[in-house]
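Before any comments, here is the structure.
The values are calculated or read from the model by the stated rules, or taken from the named source; none is laboratory data. All of these numbers come straight from a predicted model, not from anything done at the bench. Here Cβ is always computed from backbone atoms with ideal geometry, including for glycine, and neighbour counts include all displayed protein chains. Protein only, heavy atoms only, side chains kept; ligands, DNA and RNA dropped before computing areas. Shrake-Rupley method; radii C 1.70, N 1.55, O 1.52, S 1.80 Å.
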Amino acid sequence: KLAESLFKVNQELNRNNSIKLQSPSMLDQRDSLLSQLAQYVDLNVRENENGTVIVGISGPASSSILVDTVRQRQIGVQSHSLNGNIQGLVVDTYSNPTFIGVPKEGVIAGLIQLDNEVTQRLTDELNIFAKTFVDTINSHHRQGLDLTNSLGGDMFQIAPTYVVKNLGGVTDNSFVITGIP
């Protein structure tokens with residue numbers, strides 16, 4: 001929403017060709033939106049002669065334009081398997097996604113790092129616990145009778161998980177599917 005509002009301010013500022021002709025309140029609104037947006041992600045801001053701004057999001061891999069005078073791009077979070085399946089920031093999520101990486105500063109950086117460092121590890125540990133629980137119960141259940149007085153059989157089943165990996169970034173659409181027990 002902030003990027004969208006900043007884009008609208010850019011459109012208004014783009015009506016004049018000099019910053020001297022701009023309304024001070026419009027420039028204040030632009031600066032306020034930039035300040036608010038900077039709380040979420042690390043920004044690169046370049047001001048044009050007429051006061052419009054080109055705003056890029058900084059990341060370890062690159063910098064990508066979020067807002068300019070022509071359009072505003074969406075940001076999102078996606079997994080990136082080349083970096084060990086970590087979550088990272090993506091700009092222009094719908095038409096031409098550009099993976100920026102994990103931002104170093106801002107609220108979004110903290111949330112992504114929380115997911116990458118804590119939530120995924122806890123999820124993995126919970127999955128191990130669930131598999132151990134299911135295997136143990138099924139092992140005991142196979143040694144006795146079930147509710148229909150039939151011998152053996154698994155009480156629980158865990159659906160297999162599949163991981164699709166790109167083979168070294170090749171562009172011929174080759175991939176490997178690996179089943180995870």
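Kindly establish whether Glu125 is closer than 30 Å to Ser35 by Cβ and either modelled with pLDDT of 80 or more or open to solvent by 90 Å² or more (accessible area, probe 1.4 Å) (or both). In short, no.
The set of residues in region 95-122 that are β-branched (Val, Ile, Thr), without any contact (Cβ under 8 Å) to a residue 12 or more places away in the chain and surrounded by 11 or more Cβ atoms within 10 Å (Cβ to Cβ) contains only Thr119. Scanning region 30-56 for residues that are part of a strand (DSSP E or B) and open to solvent by less than 50 Å² (accessible area, probe 1.4 Å) yields Leu43, Val53, Ile54, Val55, Gly56. When you look at Phe133, is it of a type in the set (Phe, Trp, Tyr) and assigned to a helix (DSSP H, G or I), yes or no? It is true that Phe133 is of a type in the set (Phe, Trp, Tyr) and assigned to a helix (DSSP H, G or I). So, of the residues in region 6-15 that are open to solvent by 50 Å² or more (accessible area, probe 1.4 Å) and without any contact (Cβ under 8 Å) to a residue 40 or more places away in the chain, which turns out to be nearest to Tyr40 (Cα to Cα)? Looking at residues that are open to solvent by 50 Å² or more (accessible area, probe 1.4 Å) and without any contact (Cβ under 8 Å) to a residue 40 or more places away in the chain, I get Lys8.
Note on region 16-29: residues that are surrounded by 13 or more Cβ atoms within 10 Å (Cβ to Cβ) and of a type outside the set (A, V, I, L, M, F, W, C) amount to 3.
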